[in-house]
Amino acid sequence: MKGKLQSLLDKEKLPRHIVIIMDGNGRWANRKGLDRISGHREGMKAVRSVVKAARELGIKSVTLYAFSAQNWKRPKEEVNALMELLRQYLIKEGDKLVKEEIRLNAIGRLRELPSDVYKVLIDTMEKTKHCKEMILTLALSYGGREEIVDAVRKILSRGDISPEDINEESFSQFLYTVDLPEPDLLIRTSGEMRLSNFLLWQLAYTEIYVTKTLWPDFRKRHLIKAILNYQNRERRFGLTSDQIKKRHIQ
Ligand code: FPP
């Protein structure tokens, strides 16, 4: 059933690509007197719910910051639990992703993942590669600076690219996100005002929406509120407000 909030959305102005920093699992657990891992487990429920909601709303691309390159430094038990949750998610969701026509994609230093997680990730990507309705990207062992460094390494190792061949567009082709549209909207939960090494290159012109809601509590209505907020903004890409208005008239 379509709710009242959803009916306020302008279907013509949906963000094509939404990227999310899912923050606040630990605080959510702490407030409930639970351990941090319970917070991540609850966070996984929010992942399921938000992916389903985005698909229902007609969003074409969603990227979730699930595990950063820096998260490896967390206590071993927490890292292991996160890897296990990810493995379970991929095993359980695979068929559902196919049914809902959602293609799974991943960005980051994926080879650093435990081999069983890496394998199920690759299998699920393979299984969903024909899906066309939405692309769900998981950022895993991901860091924005690492991504830029990896791009430079790829360019240098090619050996046939000269300095004058490098511009913003050609450089982007070496990033992990080569097949994805530019992010239109970044959502960060739990109120922190930082980028935490997420998509540093790609976020140049992205609209940022920060909510105090902790990730495990984030559901479809929160996603709709973020999109409504985005739809009420004017994106200028460095131009003036008048220039943008003229463009719309032309
Ligand atoms: C940040 O909360 C969250 C993470 C580091 C992990 C995100 C993982 C999930 C939502 C679950 C598994 C994901 C998938 C895709 C199956 P935090 O621990 O930094 O919270 P805190 O800042 O309150 O301590």
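Of note:
- Reachable lysines, given that their alpha-carbon falls under 27 Å from the alpha-carbon of Lys154 and they are not under 8 places away in the same chain: Lys73, Lys119, Lys129
- Remark: relative contact order (region 1-114) = 27 percent; criterion is Cα-Cα distance under 8 angstrom and separation of 6 or more residues.
- Here the chain is treated with +1 on each Lys and Arg Cβ and -1 on each Asp and Glu Cβ, and its dipole about the Cα centre works out to around 1120 debye.
- Under 13 Å from Lys11, Cα to Cα: aspartates and glutamates that are on another chain or at least 8 residues apart: Glu56
- Rounded to the nearest 20 debye, dipole of region 178-250 from Cβ charges on Lys, Arg, Asp, Glu: 320 debye
- Ascending count of other beta-carbon atoms within 10 Å, so fewest first, for Tyr205, Tyr230, Tyr89, Tyr65: Tyr205, Tyr89, Tyr230, Tyr65
- Nearest-20 debye value, region 17-110 charge dipole, Cβ charges on Lys, Arg, Asp, Glu: 100 debye
- When the charge dipole of the chain is built from unit charges on Cβ atoms (+1 for Lys and Arg, -1 for Asp and Glu) and taken about the Cα centre, the candidate among Ile161, Val51, Ile102 whose Cα reaches farthest toward its positive end is Val51.
None of the figures in this text is laboratory data; all of them are computed from the coordinates on show. It should be emphasised that the depicted structure is a prediction, and the values quoted were computed from it without experimental measurement. Cβ coordinates were reconstructed from backbone atoms using ideal geometry, including for glycine residues, and neighbour counts include every protein chain displayed.
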